[in-house]
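Visitor: The structure is given below, and queries will be raised subsequently.
The values are calculated or read from the model by the stated rules, or taken from the named source; none is laboratory data. Since the model is a prediction, treat every value here as computed from it, not as a measurement. Positions of Cβ are generated from backbone atoms using ideal geometry, with glycine treated the same way; all protein chains shown enter the neighbour counts. All accessible areas refer to the heavy atoms of the entire protein, side chains included, with ligands and DNA or RNA removed. Shrake-Rupley method; radii C 1.70, N 1.55, O 1.52, S 1.80 Å.
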Amino acid sequence: EKGGYDYFMDKEIDEQPQAVADTLLGRISAEGRLQLDEMRMSESELRSVDKVIVIAAGTSYHAGMIAKYAIEHWTRIPVEVELASEFRYRDPILTRDTLVLVISQSGETADTLMALRHAKDQHARVLAICNSNGATIPREADAVVYTHGGPEIAVASTKAFLTQLIACYLVGLYLAQVRAAKFPDEIADILEQLSQAPAKVRETLDRMGPVRELGRLLKDEGRVLFLGRHVGYPVALEGALKLKELAYVHAEGFAAGELKHGPIALVDQGLPVVVVVPPADRPLLHDKIVSNIQEIRARGARTIVIAEDGDTAVAPFADTLIYVPELPTLLQPLVATVPLQVFASALADAKGLDVDQPRNLAKSVTVE
Ligand code: M6R
């Protein structure tokens, strides 16, 4: 059933172009309008939303962090993101006009379910993004947008993450569509770019040979740092989480701008640091991270740089340079995450670890 792969994780990584395509399928009309038929929330309900709170755990939380950037930018509705395990313990402010977006691959995560129940008790409206048909979370939510990733068996979440991103983008764009009198050009462009995402993820996968090689090469590293800015920051957190859970490496993700507020003290000779570079369509962001790469390299870091095709500015400062296909900044996580998944899987495999079934972990965490 692993279809010739050593691990489900590797199979699931390779299934990502299809999973992304399936999650987009039927949701963008030929006229470039979004249709989320199963949404079960009226347009007038969605027009009255004045705040969005995204709640999730682990990898799904990282998807939620990215959702905040996208939804705020497209809709101008304030978005908060919160770990499910923290949410109900802080007396959150919820009203009927709060849209709570819960994200869960399994639909059974206890922390997320408890957060959902708390939100409903406070009369907020709950929209679930879920990969498992009929699971408890989509059943208890007011509405659901399913990701069509197919079953994810490896403990480490991969294709679920990419499809959650797609679902978050679709929800954000749908909110923009129902609330805006006219659909702005930027959004039409994003829809067009989204339709190209499956091919771009496929292209990224086709380039993963050197990344696997790098994973093998770095199998004895005890520490790895990940840096990003903007949506690259949650991607960095996701890369670090994959490496922790699969390879038991002490990996940390940081917002690159935080370096000089502490983490740069960790950098010493030979420390591998993975940097996610934003596309050149955001020059300010891009240039800032190029100087961050220079700063860490001057202190001896071994820089592993993920940048978009054609970005030659980073080349002089990269010990390893991994190019990914071009996408607008907000969509870049769809391709930038893939090398981090492959890297973690290859490194864990080189250490002789069970990639699909890391120690101490369960696929679905049904206790708080
Ligand atoms: O099923 P869920 O999306 O609710 O699960 C949330 C986390 O437990 C999950 O993403 C976990 O962090 C993964 N093992 C990460 O790879």
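Visitor: Which count do you get for residues in region 310-353 that are more than 22 Å from Arg223 (Cβ to Cβ) and either open to solvent by 50 Å² or more (accessible area, probe 1.4 Å) or not charged (D, E, K, R) (or both)?
Guide: 20
Visitor: Ok, one more. Go through region 307-331 and give me each residue that's out of contact with any Leu (no Cβ under 8 Å at 6 or more places or on another chain) and either assigned to a strand (DSSP E or B) or hydrophobic (A, V, I, L, M, F, W, C) (or both). Spell out the reasoning first.
Guide: Just the residues of region 307-331 that are out of contact with any Leu (no Cβ under 8 Å at 6 or more places or on another chain), to begin with: 309-313, 316-319, 321-326, 328, 330.
Within region 307-331, Ala313, Phe317, Ala318, Leu321, Ile322, Tyr323, Val324, Leu330 qualify.
Visitor: Mind telling me which of the residues Leu334, Leu340, Leu353 ends up being more than 23 Å from Asp6 (Cα to Cα) and either part of a loop (DSSP other than H, G, I, E, B) or touching a helix residue (DSSP H, G or I) at 6+ places or on another chain (Cβ under 8 Å) (or both)?
Guide: Leu334
Visitor: Among the numbered criteria (1) open to solvent by 10 Å² or more (accessible area, probe 1.4 Å); (2) free of Cβ contacts under 8 Å to residues at least 40 places away in the same chain, which one does Leu205 miss?
Guide: Leu205 satisfies every listed condition except (2).
Visitor: Still on this structure: Only strands (runs of 3 or more DSSP E) wholly contained in region 1-111 count here; list those with 2 or more residues that are open to solvent by 20 Å² or more (accessible area, probe 1.4 Å).
Guide: 79-83
Visitor: Kindly indicate whether Phe343 is modelled with pLDDT of 95 or more and within 16 Å of the ligand (Cβ to nearest atom).
Guide: It is true that Phe343 is modelled with pLDDT of 95 or more and within 16 Å of the ligand (Cβ to nearest atom).
Visitor: The conditions are (1) polar (S, T, N, Q); (2) surrounded by fewer than 19 Cβ atoms within 10 Å (Cβ to Cβ); (3) touching a residue at least 60 places away in the same chain (Cβ under 8 Å), and Asn360 fails exactly one of them. Which is it?
Guide: (3)
Visitor: Looking at region 119-130, which of the residues that are more than 19 Å from the chain's Cα centre (by Cα) and within 16 Å of the ligand (Cβ to nearest atom) is surrounded by the fewest Cβ atoms within 10 Å (Cβ to Cβ)?
Guide: Applying the filter and picking the extreme gives Val126.
Every residue, every condition in (1) of a type in the set (Asp, Glu); (2) over 20 Å from Gln341 (Cβ atoms); (3) part of a helix (DSSP H, G or I); (4) more than 16 Å from the ligand (Cβ to nearest atom), yes or no:
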| site | (1), (2), (3), (4) |
| --- | --- |
| Arg216 | no, no, yes, yes |
| Phe226 | no, no, no, no |
| Pro234 | no, no, yes, no |
| Ala240 | no, no, yes, no |
| Glu258 | yes, yes, yes, yes |
| Gly270 | no, yes, no, yes |
| Pro278 | no, no, no, yes |
| Leu284 | no, yes, yes, yes |
| Ile293 | no, yes, yes, yes |
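Visitor: Determine whether Ala251 is crowded, with 20+ Cβ neighbours inside 10 Å and modelled with pLDDT of 95 or more.
Guide: yes
Visitor: I've got another one for you. Taking region 117-130, which residues are part of a helix (DSSP H, G or I) and under 18 Å from Asp50 (Cα atoms)?
Guide: Answer for region 117-130, where residues must be part of a helix (DSSP H, G or I) and under 18 Å from Asp50 (Cα atoms): Ala119, Lys120.
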